[in-house]
Amino acid sequence: MKTIEISTLDHAPQVVAEWLNSLGEDLGWHDKARTYMLLRATLHALRDFLTVNEAVDLAAQLPVLLRGVYYEGWIPAKTPARPRGKEAFLARVEAPFVNVPLEEPEDCVVAVFDLLRRRLSAGELGQVAHALRKPLRELWA
């Protein structure tokens, strides 16, 4: 693959692959498409449960390609989503998994949150966790 000589963009696919590999290893999954679908669905649910300012602050921490995934289809005027409880969050994450449902959706979300905790600044993640309702915040523990 030809590079475009902008290091952030040239390195971006490798960064996403590292994130997906790490998440897949955490879950014991070998299916990259399924792993990507989980990461994407969880990021979208998280984005939609935050205020616009909090969602943008979180996006600023994400690698460039994942930032694009995160913003895909976002309608800021519809955030934060209602209801914002744990069940509604898990339902959003589970929604794309129609053909092969997630066996343990809560464990899957915890794995994504753990990945974010390892890859992003603790200060920003503390603000995100604080913005979530208590039952959902407990998944960050």
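Checking Leu102, Leu90, Leu65 one by one, the residue that is in contact (Cβ under 8 Å) with a residue 60 or more places away in the chain, touching a helix residue (DSSP H, G or I) at 6+ places or on another chain (Cβ under 6 Å), under 17 Å from Leu38 (Cβ atoms) and not polar (S, T, N, Q) is Leu102 and no other.
Only one of the listed residues (Thr35, Thr42, Thr51, Thr79) is open to solvent by less than 60 Å² (accessible area, probe 1.4 Å), closer than 20 Å to Val128 by Cβ, at pLDDT 95 or above and not aliphatic (A, V, I, L, M). That residue is Thr42. Inside the range 22-62, residues that are of a type in the set (Phe, Trp, Tyr) and in contact (Cβ under 8 Å) with a residue 24 or more places away in the chain make up a count of 1.
Let's see how each residue does on (1) surrounded by fewer than 16 Cβ atoms within 10 Å (Cβ to Cβ); (2) closer than 23 Å to Ser22 by Cβ:
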position: Ala60; (1), (2): yes, yes
position: Gly73; (1), (2): yes, no
position: Phe89; (1), (2): no, yes
position: Val98; (1), (2): yes, no
position: Glu104; (1), (2): yes, yes
position: Ala111; (1), (2): no, yes
position: Ser121; (1), (2): yes, yes
position: Leu125; (1), (2): no, yes
position: Pro135; (1), (2): yes, no
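Among the residues of the range 92-141, write down those that are among the hydrophobic types (A, V, I, L, M, F, W, C), modelled with pLDDT of 90 or more and not in a helix (DSSP H, G or I). Residues satisfying the conditions are Ala95, Phe97, Val98, Val100, Leu102, Leu120.
Against the numbered list (1) at pLDDT 95 or above; (2) more than 24 Å from Gly126 (Cβ to Cβ); (3) open to solvent by less than 50 Å² (accessible area, probe 1.4 Å), Ala17 comes up short only at (1).
The values are calculated or read from the model by the stated rules, or taken from the named source; none is laboratory data. Predicted, not measured: the structure shown is a model, and the values here were computed from it. All Cβ positions, even for glycine, are placed from backbone atoms using ideal geometry, and neighbour counts span all protein chains on display. Side chains included, ligands, DNA and RNA excluded: accessible areas come from the protein's heavy atoms. Shrake-Rupley method; radii C 1.70, N 1.55, O 1.52, S 1.80 Å.
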